[in-house]
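Everything on this sheet refers to the single structure shown next.
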Amino acid sequence: DTMAYSASALSFMLENLGKTVIFTGSQVPYCKTFSDARRNLLFSISLATTLDIPEVCLFFDDKLLRACRSRKDNSGSFDAFQSPNHPPLASLGINIKINTSQLLPQPKGRFRVHLDMSAQVI
């Protein structure tokens, strides 16, 4: 249950990120018949390679969320992750709905990785 924390931390570590980075996973293991793993993985790859979203995201249950605004609310549901204070960046249905007004612009500065992490953050 650390995916939202890891994705959020990475979003702050990667300054001026110009590529799409997507964290995903599944509630049901890949080998099970009704697993959400295949769908989450395939759509994450598809979104990361076709959309121009220069930030770290989290994809689960047909929703692409801003990593630093997401949290895990329900460990027993496919709809496990939410972003209560920010709408999804994209959602899937018959078509992909992209919330273009919520997307960040391409960064103007040079890409930089921050490696120093504070042990004081809880």
Check your understanding: When you go through (1) under 18 Å from the mean Cα position of the chain (by Cα); (2) open to solvent by 100 Å² or more (accessible area, probe 1.4 Å); (3) closer than 17 Å to residue 11 by Cα one by one for residue 56, which number turns out not to apply?
Key -> (2)
Review point. Out of region 19-45, which residues are within 15 Å of the chain's Cα centre (by Cα) and not in a helix (DSSP H, G or I)?
Key: 19, 20, 21, 22, 23, 24, 25, 26
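Condition check ((1) touching a Pro at 6+ places or on another chain (Cβ under 9 Å); (2) more than 21 Å from residue 17 (Cβ to Cβ); (3) not aromatic (Phe, Trp, Tyr)) across all residues:
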{"position": "57", "(1), (2), (3)": "no, no, yes"}
{"position": "65", "(1), (2), (3)": "yes, no, yes"}
{"position": "83", "(1), (2), (3)": "no, no, yes"}
{"position": "92", "(1), (2), (3)": "no, yes, yes"}
{"position": "98", "(1), (2), (3)": "no, no, yes"}
{"position": "106", "(1), (2), (3)": "yes, no, yes"}
{"position": "110", "(1), (2), (3)": "no, no, yes"}
{"position": "115", "(1), (2), (3)": "no, no, yes"}
**Study point:** Number of the condition not met by residue 38 [criteria: (1) of a type in the set (D, E, K, R); (2) at pLDDT 95 or above; (3) closer than 16 Å to residue 92 by Cβ]
**Key:** (2)
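Residue-by-condition table, conditions (1) β-branched (Val, Ile, Thr); (2) in contact (Cβ under 8 Å) with a residue 60 or more places away in the chain; (3) open to solvent by less than 50 Å² (accessible area, probe 1.4 Å):
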{"residue": "14", "(1), (2), (3)": "no, yes, yes"}
{"residue": "17", "(1), (2), (3)": "no, yes, yes"}
{"residue": "24", "(1), (2), (3)": "yes, no, yes"}
{"residue": "94", "(1), (2), (3)": "yes, no, no"}
{"residue": "100", "(1), (2), (3)": "yes, no, no"}
{"residue": "103", "(1), (2), (3)": "no, no, yes"}
Exercise for review: May I ask you to verify whether residue 78 is in contact with a Phe, Trp or Tyr (Cβ under 8 Å, 6 or more places away or on another chain), surrounded by 14 or more Cβ atoms within 10 Å (Cβ to Cβ) and over 18 Å from residue 9 (Cβ atoms)?
Suggested key: yes
Review point. Which of the following residues is surrounded by fewer than 19 Cβ atoms within 10 Å (Cβ to Cβ), under 12 Å from the mean Cα position of the chain (by Cα), small (Gly, Ala, Ser) and within 30 Å of residue 109 (Cβ to Cβ): 48, 67, 4, 90?
Key: 48
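The values are calculated or read from the model by the stated rules, or taken from the named source; none is laboratory data. What you see is a predicted model, and the numbers here were worked out from it, not measured in a lab. When we count neighbours, we look across all protein chains shown, and the Cβ atoms used for this are built from the backbone with ideal geometry, even at glycine. To get the accessible areas, we keep the full protein, side chains included, count just its heavy atoms, and leave off ligands, DNA and RNA. Shrake-Rupley method; radii C 1.70, N 1.55, O 1.52, S 1.80 Å.
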